[in-house]
Amino acid sequence: MYNVVIDSEKCIGCGLCKNDCVAYDIDIENKKAVYKGNNCIFCGHCEAICPQNAIKLEGFEDTVEDFDKQVILDPKEYMDAIKTRRTIRQFKQDKEVPQEIVDMILEAGRLAPTGSNAQRTRYIVLRDKLDACEKVAVKYFRNLLGLGMIFAPKLKDLRNVIDPKFFFKGAKLAIVIIGKDQVSASLAAQNMATMAEANGLGVLFSGYFSGVSNLSPKERRMLKMKLSEKVATTLVIGYPKVKYKRTAHRKPLKVTNM
Ligand SMILES: Cc1cc2nc3c(=O)[nH]c(=O)nc-3n(C[C@H](O)[C@H](O)[C@H](O)COP(=O)(O)O)c2cc1C
């Protein structure tokens, strides 16, 4: 389906592509790069690094973009963004997230790294079915707690206070992230959350909704999930109704230097 094509006229045999190839799938022969095509994961590094623009990956729908300099975030600004971010649990109920911003958030997920470049993460954008999915989740969750399941030990006495907006907190948008590889899906989720926040939105990673979506057959049917699929995480996204005045505590670092 995909292929790597090297233009030997343009190639100067510098070896940058060979040295950056995770699959050891490029050799230099007679001062020219040669693609072997044995183990390639189509990560695109050879195309991205080539100073002569001599390498093309074929079969992808998107196009690569040229740039002169990698964009690096200002460390102080980035640390301040990390410190002052909070999980949002109260959203404005009258303000929809514009589609252009939803598209940007999804694009931030698509561009995240994935193990073996497998890109198996997929996304369910919940808007129209949001309320219906929340209703099913609330009912399922109340039943679980009623049965004394250990699913949410800290909430077991709260069965009766679990309100109809328990999962989505009044937000009008949630993105369910599905992927077998938890690390890859979580990295996509973090990219997406950061992009949402860069657009003035607040984000809640809903472990509870993800849990219910993995357990409840009815919820799974509503989400049109395949039997083999697993929700890695769910981002609840909306305009925050609250502003925070100070940072939150964290436990000390646990670091082993060796
Ligand atoms: C994987 C994950 C699942 C979470 N699930 C929920 C949830 O279901 N409901 C909720 O209110 N907060 C949830 N949170 C938010 C955490 O409670 C929150 O990150 C933590 O208390 C620290 O607060 P902060 O994000 O404002 O720094 C979740 C966070 C993560 C990372």
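The values are calculated or read from the model by the stated rules, or taken from the named source; none is laboratory data. All values reported here derive from a predicted model rather than from experimental measurement. Backbone-built Cβ (ideal geometry, glycine too); neighbour counts: all protein chains shown. Note: areas computed on protein heavy atoms with side chains; ligands, DNA, RNA excluded. Shrake-Rupley method; radii C 1.70, N 1.55, O 1.52, S 1.80 Å.
Some notes on this structure:
- Whichever aspartates and glutamates have a C-alpha closer than 19 Å to that of K165, once near sequence neighbours (fewer than 8 apart) are set aside: D94, E96, D128, D131, E134, D157, E219
- In a reduced charge model with +1 at each Lys and Arg Cβ and -1 at each Asp and Glu Cβ, the stretch 75-238 shows a dipole moment near 640 debye about its Cα centre.
- Look at the dipole of the chain built from charges on Cβ: of G44, S228, N30, the Cα furthest out on the positive end belongs to S228.
- Seen from every direction in turn and averaged, the convex hull around the alpha carbons of the stretch 75-238 projects onto 10.4 nm².
- Evaluated on the stretch 161-258, the Kirkwood hydrodynamic radius is 15.4 Å, with distances taken between all distinct Cα atoms.
- Accessible carbon and sulfur surface of the stretch 9-88 relative to its total accessible area, %, 1.4 Å: 51 percent
- Accessible surface of L73 - all protein chains present, 1.4 Å probe, nearest 10 Å²: 110 Å²
- Legend: residues I82, I101, I177, sorted from most to least accessible area (1.4 Å probe; ligands, DNA and RNA excluded), read I82, I101, I177.
- If you plug the beta carbon distance of N53 and T84 into 1/(1 + (r/R0)^6) with R0 = 30 Å, you get a FRET efficiency near 0.15.
- On a per residue basis, the chain carries 67 Å² of accessible surface, using protein heavy atoms and a 1.4 Å probe.
- Average silhouette area of the stretch 3-58, convex hull of alpha-carbon atoms, in square nanometres: 3.1 nm²
- The calculated FRET efficiency for K10 paired with N117, based on their beta-carbon distance and R0 = 22 Å, is about 0.35.
- Each Lys and Arg Cβ is given +1 and each Asp and Glu Cβ -1; about its Cα centre, the stretch 3-58 then shows a dipole of about 100 debye.
- The charge dipole of the stretch 2-109, taken about its Cα centre with unit charges on the Cβ atoms of Lys, Arg (+1), Asp and Glu (-1) only, comes to about 580 debye.
- Between 0 and 90 degrees, the angle of helix 99-110 with respect to the longest Cα principal axis of the chain falls at about 60 degrees.
- Globularity index of the stretch 69-116 is 1.56 (Cα radius of gyration / 2.2 N^0.38 Å, N = number of residues).
- Over 19 Å [Cα-Cα, the stretch 46-100], rounded percent: 65 percent
- Annotation: lysines with alpha-carbon distance below 28 angstrom to K36 (same-chain offsets under eight excluded): K10, K18, K56.
- Sites D27 and E77, calculated FRET efficiency, Cβ-Cβ separation with R0 41 Å, nearest 0.05: 0.40
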